[in-house]
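A short write-up of the structure that comes next.
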Amino acid sequence: MEYKFSMTNGWSRKLIIALLRRYGLNPYRYTRQRRTTVMVKISRSFVDETLWPEFTELNETLTTYLDSITSRIISESIFTDSEETVLNEPEHLVASSAT
């Protein structure tokens, strides 16, 4: 069965491709498909029982690690506080969106 995976970021895409290749599979994409798309011919049972559980666990670990590294680099190199301030909407925006 042909599967289509759409990854939300480049790191996840690299991870799914590496996992597929580790299992001897050949990931590809068709002309005009976005770079975030990964196609593969694979059985549904393998996706459900092996590939997807392993991918989600590794992707969560990778995302946590990369977020931590990114925060540390920004904090050490640019500015210690990289959090944004959240304000209530100004009155004129709240009134105009209600109409």
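In the stretch 2-25, the residue that is most open to solvent (accessible area, probe 1.4 Å) out of those that are modelled with pLDDT under 95 and in a loop (DSSP other than H, G, I, E, B) is T8.
Among the polar types (S, T, N, Q) and assigned to a loop (DSSP other than H, G, I, E, B) - does that describe any residue in the stretch 48-66? No, the conditions are met nowhere in the stretch 48-66.
Filter the stretch 49-67 for residues that are of a type in the set (D, E, K, R) and either open to solvent by 90 Å² or more (accessible area, probe 1.4 Å) or in contact with a Lys or Arg (Cβ under 7 Å, 6 or more places away or on another chain) (or both) and give the result. E49, E57, E60, D67 - these are the residues of the stretch 49-67 that are of a type in the set (D, E, K, R) and either open to solvent by 90 Å² or more (accessible area, probe 1.4 Å) or in contact with a Lys or Arg (Cβ under 7 Å, 6 or more places away or on another chain) (or both). Taking Y28, is it open to solvent by 100 Å² or more (accessible area, probe 1.4 Å) and at negative phi? In short, no. Checking each residue of the stretch 26-42 against the condition of being β-branched (V, I, T), free of Cβ contacts under 8 Å to residues at least 12 places away in the same chain and assigned to a loop (DSSP other than H, G, I, E, B) gives at least one match. Residue pairs whose Cβ atoms lie under 9 Å apart, sitting 6 or more positions apart in sequence or on different chains, and linking a residue in the stretch 82-99 that is under 30 Å from R72 (Cα atoms) and at pLDDT 60 or above to a partner that is basic (K, R) and not in a loop (DSSP other than H, G, I, E, B), do not occur here.
The values are calculated or read from the model by the stated rules, or taken from the named source; none is laboratory data. Not measured: the values here are computed from a predicted model. When we count neighbours, we look across all protein chains shown, and the Cβ atoms used for this are built from the backbone with ideal geometry, even at glycine. SASA here: full protein model, heavy atoms, side chains in, ligands and nucleic acids out. Shrake-Rupley method; radii C 1.70, N 1.55, O 1.52, S 1.80 Å.
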